[in-house]
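Structure first, then comments.
Bear in mind that the values in this text are calculations on the coordinates, not laboratory data. Keep in mind that this is a model prediction, so the values were computed, not measured. Neighbour counts run over all protein chains shown; Cβ positions are idealised from the backbone, glycine included.
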Ligand code: SF4
């Protein structure tokens, strides 16, 4: 729960938007295409995935039949611009394509209906997809307006509201989710906006290792900047 004197999330988002501008998703939001994009880069980052994605689209294509029909060495070569372990990523892409084709006739989106716990379970069967990836697919695929948090910067809202993030990634992620769940309406546009603004701020200013606090538009309302350092071993 947010502390009484901390910045409400709605105000935080307005301030971030004034500073960074409106943010748009620059990755494929369709669930199947996102799964392909995710394996286009490693270590997975927007830049690495975009490079691998562009190469894959140009060389082979991204539909299940195109991925399954490509010889593995050709697929690996197309994925090389995305970074390390292209052979492993090629194997995983074939696994994704095969599951979508065989299990759902090539239409993953039509399979992602029904109780959200079941949808979540299905998505987690894909290689490399854990809870943050599932949340992102659910929100940006407009399947469920969950409180998705950018996996590489759950610390942003936590630092502002509580102070230093926890050592345990899962605890920090959950604290960030609780803030969004409690203070951002459970609607696709509102939660996508929150995700994108926190992501952009975390990647450009509130970096995990060296936050640029002197340049930050919300520093005067930030618990971390005010010197709040919590015990790091156990959640309060
Ligand atoms: S003041 Fe520093 S810790 Fe707080 S949000 Fe800004 S960059 Fe992050």
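Summary table
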{"quantity": "Nitroxide proxy distance, nm - points 7 Å out along Cα→Cβ at residue 125 and residue 102", "calculated": "1.1"}
{"quantity": "Förster radius 30 Å - calculated FRET efficiency between residue 118 and residue 152, Cβ distance, rounded to 0.05", "calculated": "0.60"}
{"quantity": "Neighbour-count ranking [beta-carbon atoms within 10 angstrom, fewest first] of 40, 222", "calculated": "222, 40"}
{"quantity": "Residues 220, 123, sorted so that the one with the fewest Cβ neighbours within 10 Å comes first", "calculated": "220, 123"}
{"quantity": "Theoretical FRET efficiency, 1/(1+(r/R0)^6), r = Cβ-Cβ of residue 66 and residue 212, R0 41 Å, to 0.05", "calculated": "0.45"}
{"quantity": "Size of the range 46-90 as Cα extents on the principal axes (Å, biggest first)", "calculated": "26, 17, 13"}
{"quantity": "Helix-derived mean residue ellipticity, 222 nm - over the chain, DSSP H n ≥ 4, -39500 (n - 2.57), to 500", "calculated": "-16500 deg cm²/dmol"}
{"quantity": "Residue among 81, 71, 31 with the largest mean-square fluctuation in a Gaussian network model of the chain, springs linking Cα atoms under 10 Å", "calculated": "71"}
{"quantity": "Whole-number percent relative contact order across the range 67-202, with pairs defined as alpha carbons under 8 Å at least 6 apart", "calculated": "17"}
{"quantity": "Net lengthening on full extension, residue 91/residue 59 (0.36 nm per residue, minus Cα-Cα)", "calculated": "9.9 nm"}
{"quantity": "Rounded to 10°, Cα long-axis angle of helix 46-59 versus longest principal axis of the chain", "calculated": "20"}
{"quantity": "Cα gyration tensor shape of the range 86-236, rounded if a/c is under 1.5, else prolate or oblate by comparing a/b with b/c", "calculated": "prolate"}
{"quantity": "Neighbour-count order for 200, 155, 20, fewest beta carbons within 10 angstrom listed first", "calculated": "20, 200, 155"}
{"quantity": "Added length on full extension, which subtracts the Cα-Cα distance from 0.36 nm per residue, residue 5 to residue 26", "calculated": "4.1 nm"}
{"quantity": "Computed lengthening from residue 80 to residue 109, 0.36 nm per intervening residue step minus Cα-Cα distance", "calculated": "7.6 nm"}
